[in-house]
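Here the structure comes first, spelled out in structure tokens, and everything after it is commentary.
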Amino acid sequence: MDGIVGMRRVASHCSLVDVDDLDLARLLDKPKLSIERQRSFDERSLSELTVNIRAVDVFESMYSPGGMRSGFNSPASSVRNSFEPHPMVAEAWEALRRSLVYFRSQPLGTIAAVDHASEEVLNYDQVFLRDFVPSALAFLMNGEPEIVKNFLLKTLLLQGWEKRIDRFKLGEGVMPASFKVLHDPLRKVDTVIADFGESAIGRVAPVDSGFWWIILLRAYTKSTGDLSLAETPECQKGMRLILSLCLSEGFDTFPTLLCADGCSMIDRRMGIYGYPIEIQALFFMALRCALAMLKHDAEGKEFIERIVKRLHALSFHMRNYFWLDFQQLNVIYRYKTEEYSHTAVNKFNVIPDSIPDWVFDFMPTRGGYFIGNVSPARMDFRWFALGNCVAILSSLATPEQSVAIMDLIEARWEELVGEMPLKIAYPAIEGHEWRIVTGCDPKNTRWSYHNGGSWPVLLWMLTAACIKTGRPQIARRAIELAETRLLKDGWPEYYDGKLGRYVGKQARKFQTWSIAGYLVAKMMLEDPSHLGMVSLEEDKAMKPLMKRSSSWTC
Ligand code: GLC
């Protein structure tokens, strides 16, 4: 809590209440621009931009008024009629609405968990940016965009705060991990406090928050057809500030983004420092979303050019060096080490002895995935669900790689899905390795929490990936599994055990993103045209220069 107090002190000299007063109303009152545009955001593809690359196909049209129904033939109503609503759906909506947070009588977000039974609230009574994403998607899909707009604008104002940890000032573009609305019944004022990492366990800033913010802004735009929000000078500046944090030049030799441990959904030490797949996939997706939304004005143009160059380098790097399938594993297994110069095959000097035994059994003949991390002499071979699903949704994965990821999920169903979708990471680390990697974290013991625990929230991303790759039956199977337990168990945050059979040791109940994730999965399967909100088509200008891999060709 020290951090929050510190935060308020810093913010208060520019007057916390005043900052809130500036607020939503002013931004919301802006006259709406006409939403009739000849061109959509997604249509601006890389090919139009100044960087010299070959022409690409134009994307599917960005929006159709009334909620993006393009791309799928069946009208929403006929699809809908074929589904009997599951009794859990109504319960989920009620629970989701109970988690709503209001600021000056307007809905602003959803708190992480409404778990009255839990003795320790910690910070689960806050609105987390990443946790709000599935809630936001559920509201958008249900035709309730206002809360999403309020959230986007409020978090934008929070971004404007001066952020300090002790005497160190954080980058201007950093978005908070979470915020809390305080109601003062006597003075009748609502104020907001935010946590940019200065209160968080480990004091790590959330690198994913800004990316999710950009991704959500696009989802809002795509779902409502309202381009006016993204085009406000405030949103344009917000995007540019987030992007400046990750596009600045430094000592980097890779286009991937260097991160501290615990900077994303996995917000405790778990050995994901370096170039974690979750952040790289979100980075890629946020860059593509921003590219579609940035204006081609003087300031925007400069960023657009930097984004285009980065996307090319990033997709090349990820598709080549993070991708692992049977054939590539065999290549790494036979690597020579200490290769100097440009002709090196083993560019990062990975020592084959460092390949863990489990990968050899885990890797199916068909299938593949983006591994957890790649840096000099270090490959983290663990599977991370979020990064791989976002890689599919953002088209960071080529169509062939996307198919291979789905093949892997099917081939390793027991390991990756088990009895409750979906394992956040596989496999768990234990023993000596657990001691070293987690620093003996008692919450991240093997097959629990971030260390091989099963997180129902990931169901929405899996479902979206399944729909995108034309494999809805996989999603259906996963949803059916979730439906046998989730409501009965009180919507836990996560499950423990090799098969995800046990409600997590310290799992919150009525965890909002477990509830919203289920709803989003259901709605998307019922009306696949919702997929457009969270998915980007392949940009052929980014075709990789690759030749190998059985799972690509068969
Ligand atoms: C835990 C999770 C984090 C989530 C937060 C709120 O800290 O690790 O990803 O945002 O809880 O639910």
### Query
Restricting attention to region 246-265, which residues are assigned to a loop (DSSP other than H, G, I, E, B) and within 16 Å of the ligand (Cβ to nearest atom)?
Ala260, Asp261, Gly262, Cys263, Ser264, Met265
#### Entry: Failed item in (1) away from the ligand (no atom under 16 Å from the Cβ); (2) farther than 21 Å from Leu152 by Cβ; (3) surrounded by fewer than 21 Cβ atoms within 10 Å (Cβ to Cβ); (4) not β-branched (Val, Ile, Thr), with Arg268 passing the rest
(1)
### Query
If Asp441 passes every condition in (1) surrounded by 24 or more Cβ atoms within 10 Å (Cβ to Cβ); (2) within 16 Å of the ligand (Cβ to nearest atom) but one, which one does it miss?
(1)
#### Entry: Criterion violated by Lys237 - all others in (1) farther than 30 Å from Leu408 by Cα; (2) at pLDDT below 95 satisfied
(2)
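If a residue has to be open to solvent by 10 Å² or more (accessible area, probe 1.4 Å), in a loop (DSSP other than H, G, I, E, B) and either hydrophobic (A, V, I, L, M, F, W, C) or out of contact with any Leu (no Cβ under 9 Å at 6 or more places or on another chain) (or both) to count, how many in region 82-104 make the cut? Can you show your working first?
So the first thing to find is which residues in region 82-104 are open to solvent by 10 Å² or more (accessible area, probe 1.4 Å), and the list is 82-87, 89-91, 93-94, 97-98, 100-102, 104.
Still in the running and in a loop (DSSP other than H, G, I, E, B): 82-86, 104.
Add one more test, that the residue is either hydrophobic (A, V, I, L, M, F, W, C) or out of contact with any Leu (no Cβ under 9 Å at 6 or more places or on another chain) (or both), and what stays is 82-86.
Result for region 82-104: 5.
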### Task
Residue by residue through region 343-371, note down the ones that are without any contact (Cβ under 8 Å) to a residue 24 or more places away in the chain and either closer than 20 Å to Thr398 by Cβ or not β-branched (Val, Ile, Thr) (or both).
Ala344, Asn346, Pro352, Asp353, Asp357, Asp361
### Complete set of residues in region 365-377 that are open to solvent by 10 Å² or more (accessible area, probe 1.4 Å) and more than 14 Å from Leu258 (Cα to Cα)
Thr365, Arg366, Ala377
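Within region 409-434, which residues are of a type in the set (D, E, K, R) and in contact (Cβ under 8 Å) with a residue 40 or more places away in the chain? Don't jump to the end; show me each part of the working.
So the first thing to find is which residues in region 409-434 are of a type in the set (D, E, K, R), and the list is 410, 412, 414-415, 419, 423, 430, 433.
Within region 409-434, Glu410, Arg412, Glu414, Glu415, Glu419, Lys423 qualify.
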#### Entry: Whichever residue in region 318-344 is closer than 27 Å to Ile279 by Cβ and either loosely packed, with under 13 Cβ neighbours inside 10 Å or among the aromatic types (Phe, Trp, Tyr) (or both) and, among such residues, is farthest from the chain's Cα centre (by Cα)
Tyr335
### Task
Please list, ordered by first then second residue, the pairs with beta carbon atoms under 9 Å, 6 or more apart or interchain, first in region 202-220 and more than 12 Å from Gly238 (Cβ to Cβ), second aromatic (Phe, Trp, Tyr) and surrounded by fewer than 24 Cβ atoms within 10 Å (Cβ to Cβ).
Arg218/Phe41
### Task
Would you check if Phe139 is within 16 Å of the ligand (Cβ to nearest atom), modelled with pLDDT of 90 or more, under 25 Å from Asp226 (Cα atoms) and not in a strand (DSSP E or B)?
no
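Taking region 364-394, which residues are touching a helix residue (DSSP H, G or I) at 6+ places or on another chain (Cβ under 8 Å) and over 23 Å from His450 (Cβ atoms)?
Just the residues of region 364-394 that are touching a helix residue (DSSP H, G or I) at 6+ places or on another chain (Cβ under 8 Å), to begin with: 364-374, 377-379, 381, 383-394.
If the condition is that a residue be touching a helix residue (DSSP H, G or I) at 6+ places or on another chain (Cβ under 8 Å) and over 23 Å from His450 (Cβ atoms), then Pro364, Thr365, Arg366, Gly367, Gly368, Ala377 are the ones that fit.
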### Task
Give the number of residues within region 237-261 that are surrounded by 14 or more Cβ atoms within 10 Å (Cβ to Cβ), farther than 25 Å from Gly372 by Cβ and not hydrophobic (A, V, I, L, M, F, W, C).
4
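Does region 450-458 contain any residue that is open to solvent by 10 Å² or more (accessible area, probe 1.4 Å) and in contact with a helix residue (DSSP H, G or I) (Cβ under 9 Å, 6 or more places away or on another chain)? Lay out the reasoning, then the answer.
From region 450-458, those open to solvent by 10 Å² or more (accessible area, probe 1.4 Å) are none; that's our starting set.
Scanning region 450-458, I find no residue that is open to solvent by 10 Å² or more (accessible area, probe 1.4 Å) and in contact with a helix residue (DSSP H, G or I) (Cβ under 9 Å, 6 or more places away or on another chain), so the answer is no.
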### Task
Among the residues of region 105-117, write down those that are surrounded by fewer than 24 Cβ atoms within 10 Å (Cβ to Cβ) and either β-branched (Val, Ile, Thr) or within 12 Å of the ligand (Cβ to nearest atom) (or both).
Val114, Asp115
### Every pair of residues 6+ apart whose Cβ atoms lie under 6 Å, when the first sits in region 462-479 and is open to solvent by 20 Å² or more (accessible area, probe 1.4 Å) while the second is of a type in the set (Gly, Ala, Ser) and modelled with pLDDT of 95 or more
Lys468/Ser535; Thr469/Ser402
### Task
Answer yes or no as to whether Ala205 is at pLDDT 95 or above and either of a type in the set (Gly, Ala, Ser) or within 15 Å of the ligand (Cβ to nearest atom) (or both).
no
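Starting from residues that are closer than 21 Å to Ala136 by Cα and surrounded by fewer than 21 Cβ atoms within 10 Å (Cβ to Cβ), keep the ones in region 166-192 and report whichever is farthest from the ligand (Cβ to nearest atom).
First pass over region 166-192, keeping only residues closer than 21 Å to Ala136 by Cα: 174-181, 192.
Retained after the next criterion (residues that are surrounded by fewer than 21 Cβ atoms within 10 Å (Cβ to Cβ)): 180-181.
Numbers: Lys180: 12, Val181: 16 Å.
For region 166-192, the residue satisfying everything is Val181.
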### Query
Any chance region 160-177 includes a residue that's at pLDDT 95 or above and more than 17 Å from Leu245 (Cβ to Cβ)?
no
### Message
Condition (residue is within 16 Å of the ligand (Cβ to nearest atom), under 30 Å from Ser448 (Cα atoms), buried (at least 24 other Cβ atoms within 10 Å of the Cβ) and of a type in the set (Gly, Ala, Ser)) applied to region 285-307: is it met by at least one residue?
### Response
no
### Query
Within region 237-252, is there a residue that is over 18 Å from Met175 (Cα atoms) and under 17 Å from the mean Cα position of the chain (by Cα)?
no
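The values are calculated or read from the model by the stated rules, or taken from the named source; none is laboratory data. This structure is a prediction, so every number in the text was calculated from the model and none was measured. Ideal geometry is used to build each Cβ from the backbone, glycine not excepted, and the neighbour counts take in all protein chains shown. The protein model used for the area step is the full one, side chains on, heavy atoms only, and it has no ligands, DNA or RNA in it. Shrake-Rupley method; radii C 1.70, N 1.55, O 1.52, S 1.80 Å.
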